[in-house]
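A quick write-up on the structure given underneath.
Read-outs throughout are calculated quantities, based only on the coordinates presented, and are distinct from any laboratory measurement. These figures come from a predicted structure and were not determined experimentally. A quick note on method: Cβ atoms are made from the backbone with ideal geometry, for glycine too, and the neighbour counts reach across all protein chains shown.
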Amino acid sequence: MGPLNAVPRVGTGVDVHPLTSSRELYLAGLLWPGEAGLDGHSDGDVASHAICTALLSAAGLGDLGGNFGTSRPEWAGASGVALLRETFRLVSDAGFVIGNVAVQVIGNRPRVARAGPKRRRY
């Protein structure tokens with residue numbers, strides 16, 4: 001660990017995109033067939049984008065728009081996975097080690113968990 005990692009750092013990331021019927025939904029790097037997609041400069045993957053923003057923020061490297069926004073045409077249509085890879089490289093090159101990441105997705109669709117029997121508590 002370098003001096004930048006002497007104290008754990010925390011970043012917060014939020015991402016929002018409007019629904020569109022003109023593209024497929026990518027969420028957390030996964031394709032959700034049959035679901036309306038999210039509009040955006042890249043693939044609209046709000047889960048991946050929020051993680052990128054949180055990591056960039058914690059490292060003091062700006063935000064998603066500043067690193068991959070419309071002023072950067074080479075990132076047009078990029079997958080959330082590609083943005084995560086590049087964010088990992090930027091954060092690592094700045095001397096940081098990623099400890100852990102959590103993301104919360106709020107939406108009525110797609111249905112991620114099916115209704116069914118209650119799960120056992122261990």
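Angle between the Cα long axis of helix 80-93 and the longest principal axis of the chain, 0 to 90 degrees, nearest 10?
20 degrees
With +1 on the Cβ of every Lys and Arg and -1 on the Cβ of every Asp and Glu, and nothing else charged, how large is the dipole of region 10-93 about its Cα centre, in debye rounded to the nearest 20?
Charge dipole of region 10-93: 120 debye, to the nearest 20.
For the chain, what does the helix formula give at 222 nm: sum of -39500 (n - 2.57) over DSSP H segments with n ≥ 4, over the residue count, nearest 500 deg cm²/dmol?
-8000 deg cm²/dmol
Pairs of Cα atoms under 8 Å, at least six residues apart: use those to get the relative contact order of the chain, whole percent.
With pairs under 8 Å counted, the relative contact order is 26 percent.
Out of L55, V16, S79, whose Cα points farthest toward the positive end of the dipole of region 10-93 (charges: +1 Lys, Arg; -1 Asp, Glu; placed on Cβ)?
The residue sitting most towards the positive pole is L55.
Taking the structure as given and computing semi-axes √(5λ) of the Cα gyration tensor in Å, which label from (1) 19, 17, 12; (2) 32, 16, 12; (3) 27, 22, 10 fits?
Matching entry in (1) 19, 17, 12; (2) 32, 16, 12; (3) 27, 22, 10: (3).
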